[in-house]
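Single-structure report; data block below.
The values are calculated or read from the model by the stated rules, or taken from the named source; none is laboratory data. These figures come from a predicted structure and were not determined experimentally. Neighbour counts run over all protein chains shown; Cβ positions are idealised from the backbone, glycine included.
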């Protein structure tokens, strides 16, 4: 049963620069408690945005609200509602697992006994019940990630801010971590903001994505794997007048990439001219007609649905604009 | 239902008292070194001079003038100047214990990206610094103020007529004031050094240069007749400034007021460094 009172995160026209180097530019969005993926290439401002949500950087100009709390003025109170799992570090050596989690609980404003009791509970939840008394510097990478999640959860936050939570995990550990995140967001009613480079992680856990590039919020849309609008990907390999064919294909497709003889084109079926037959068939015919017109001989033509990776690439890759 | 079958549950607060974050940080910082056997031995070792002084105070009370002839000097007296001299002679223990406890307090947090973890919690810079300062201050007080206060009490019990109620009221109060002033000042300087990097060993080196090196240069100056060399005697300045309150002769050939200004400047400089260095920024290693 979900007991958490729904809280929102609101970011209004947030701009931030490191030594005159802009990191966030006029970012503006509002989130209801849900699982949200934060995507963007390196240096796009993802971690800076998470730090702004935590009130760790100077929020001026702009505003960040967690629920009714203004993080520029009430950051400590706002942080009680947020659980932060950093990508790097996040573990203070010299503590046992349970000691560290309890310490984080106490720092979050929990009474000492509550913090210790709760530390045991969340360590059970993340699957570290047998290792909780070991010194945390002896933990494996997977155990460290779980420990960091436990630290983020100990004070029962409304929102979890996860920075690359599956970083360095083996496939089994990654699946286990994503299951925990899914459980928290789906069944326990916690809001989750997942910052990651792994698009599959976002597809597996999030209902919505925010895409950042060069500090700007480029796009925000719902995650629906395999059904991103009416777009289809055509992977073509062949010989002949590749340059002319690619140039012509760019007029038909939303996005075209060329890697040697391998050409990938994303075609939006909804924008194709009307005609006979199914839209997919018309798209294939259109591609083949273009190939014939430009003396290009396709040896292989494969069609597949657009994935989040295709969408993400086209959004964040400036050369394709 | 067993906890491992319940999955994630929301926290149900018990309503018990919540400790302020600075106290939580200070408690953790103090308990960690106390688990070290060598640290405990060092703390007990720092009490040996107090035991020696207590014995001298005892025999002086019993033997009177004869004992004064045998072990005379400021260090053995129960006057405020005598206690200042006692605190001054504890400086080697002060150097060792403060550096063991305090050198890594911020450097280790920076190395392990602990700062971003601390500042993701509802704490302020003041909480963080207050907690860390309290750790070093407590270590300093354990080897200076605590034995001094015990000595005051002991001296009064042995010979209540020697210094009267001063030993129970005024002297302990003065000792507390100078210990807190010196302890906080030294803590802030040490923490400022600790905040400058991520390697504890470098903090130890800098602290040794400041405390031991400064005194060595000052003594060298004395040897060749150049009093101005004492201006670099870092620890000496704190004792020299304390002489103002303890009605004791100056400890250095430097005006105590000048030493006080140097101490205050050290505190201000340290605070400026700490304000600049303590930021919840992840260090990419």
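Below, the figures for the structure above:
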quantity: Count - residues of the stretch A:120-137 that are within 11 Å of chain B (Cβ to nearest Cβ) and either touching a strand residue (DSSP E or B) at 6+ places or on another chain (Cβ under 8 Å) or part of a helix (DSSP H, G or I) (or both); calculated: 8
quantity: Close pairs (7 angstrom Cβ cut-off, 6 or more residues apart or separate chains): within 9 Å of chain A (Cβ to nearest Cβ) and farther than 15 Å from residue A:153 by Cβ in the stretch B:1-29, at pLDDT 80 or above and loosely packed, with under 15 Cβ neighbours inside 10 Å anywhere; calculated: B:14/A:113; B:16/A:113
quantity: Test: residue A:172 is more than 8 Å from chain B (Cβ to nearest Cβ), out of contact with any strand residue (DSSP E or B) (no Cβ under 9 Å at 6 or more places or on another chain), touching a residue at least 40 places away in the same chain (Cβ under 8 Å) and in a helix (DSSP H, G or I); calculated: no
quantity: Qualifying positions in the stretch B:169-183 - buried (at least 17 other Cβ atoms within 10 Å of the Cβ) and under 20 Å from residue B:259 (Cα atoms); calculated: B:174, B:175, B:178, B:179, B:181, B:182, B:183
quantity: Test: residue in the stretch B:153-168 that is within 21 Å of residue B:203 (Cα to Cα) and crowded, with 20+ Cβ neighbours inside 10 Å; calculated: no
quantity: Residues of the stretch B:231-284 classified as within 14 Å of chain A (Cβ to nearest Cβ) and either over 30 Å from residue A:85 (Cα atoms) or touching a residue at least 40 places away in the same chain (Cβ under 8 Å) (or both), total; calculated: 7
quantity: Neighbours by Cβ (under 7 Å, 6+ apart or cross-chain): first from the stretch B:163-188, touching a residue at least 12 places away in the same chain (Cβ under 8 Å); second outside any helix (DSSP H, G or I) and surrounded by fewer than 20 Cβ atoms within 10 Å (Cβ to Cβ); calculated: B:163/B:79; B:174/B:245; B:177/B:245; B:178/B:245
quantity: The listed residue being closer than 23 Å to residue A:89 by Cα and touching a strand residue (DSSP E or B) at 6+ places or on another chain (Cβ under 7 Å), out of A:167, A:195, A:140, A:108; calculated: A:195
quantity: Qualifying residue in the stretch A:188-208 (condition: in contact with a helix residue (DSSP H, G or I) (Cβ under 9 Å, 6 or more places away or on another chain) and within 12 Å of another protein chain (Cβ to nearest Cβ)); calculated: yes
quantity: Residue A:9 being more than 21 Å from the chain's Cα centre (by Cα) and surrounded by 15 or more Cβ atoms within 10 Å (Cβ to Cβ); calculated: no
quantity: In the stretch A:66-92, residue nearest to the other protein chains (Cβ to nearest Cβ) [restricted to those that are more than 28 Å from residue A:42 (Cβ to Cβ) and touching a helix residue (DSSP H, G or I) at 6+ places or on another chain (Cβ under 9 Å)]; calculated: A:76
quantity: Test for residue B:117: is it surrounded by fewer than 20 Cβ atoms within 10 Å (Cβ to Cβ) and closer than 13 Å to residue B:279 by Cα; calculated: no
quantity: Subset of the stretch B:210-243 [in a loop (DSSP other than H, G, I, E, B), on the phi < 0 side of the Ramachandran plot and surrounded by fewer than 20 Cβ atoms within 10 Å (Cβ to Cβ)]; calculated: B:224, B:226
quantity: Options B:53, B:62: the member that is modelled with pLDDT under 85, away from every other protein chain (no Cβ under 14 Å) and either touching a helix residue (DSSP H, G or I) at 6+ places or on another chain (Cβ under 6 Å) or part of a helix (DSSP H, G or I) (or both); calculated: B:62
quantity: Condition broken by residue A:253, with the remaining ones in (1) buried (at least 17 other Cβ atoms within 10 Å of the Cβ); (2) modelled with pLDDT of 85 or more satisfied; calculated: (2)
quantity: Options A:20, A:51; residue that is over 15 Å from the mean Cα position of the chain (by Cα) and within 12 Å of another protein chain (Cβ to nearest Cβ); calculated: A:51
quantity: Residue that is surrounded by the most Cβ atoms within 10 Å (Cβ to Cβ) [pool: residues in the stretch A:138-159 that are outside any helix (DSSP H, G or I) and within 11 Å of another protein chain (Cβ to nearest Cβ)]; calculated: A:154
quantity: Positions within the stretch A:198-224 being farther than 29 Å from residue A:21 by Cβ, surrounded by 19 or more Cβ atoms within 10 Å (Cβ to Cβ), at pLDDT below 85 and touching a strand residue (DSSP E or B) at 6+ places or on another chain (Cβ under 8 Å), in sequence order; calculated: A:223
quantity: Every residue from the stretch A:239-281 that is more than 17 Å from residue A:304 (Cβ to Cβ), touching a helix residue (DSSP H, G or I) at 6+ places or on another chain (Cβ under 7 Å) and part of a strand (DSSP E or B); calculated: A:258
quantity: Some residue of the stretch B:33-49 being more than 17 Å from the chain's Cα centre (by Cα), in a helix (DSSP H, G or I) and within 9 Å of another protein chain (Cβ to nearest Cβ); calculated: no
quantity: Matching residues, the stretch B:88-124, being in a helix (DSSP H, G or I) and at the interface with another protein chain (Cβ under 10 Å from one of its Cβ atoms); calculated: B:104, B:108, B:109, B:110, B:111, B:114, B:115, B:116, B:117, B:118
quantity: Some residue of the stretch B:244-262 being assigned to a helix (DSSP H, G or I) and under 14 Å from the mean Cα position of the chain (by Cα); calculated: no
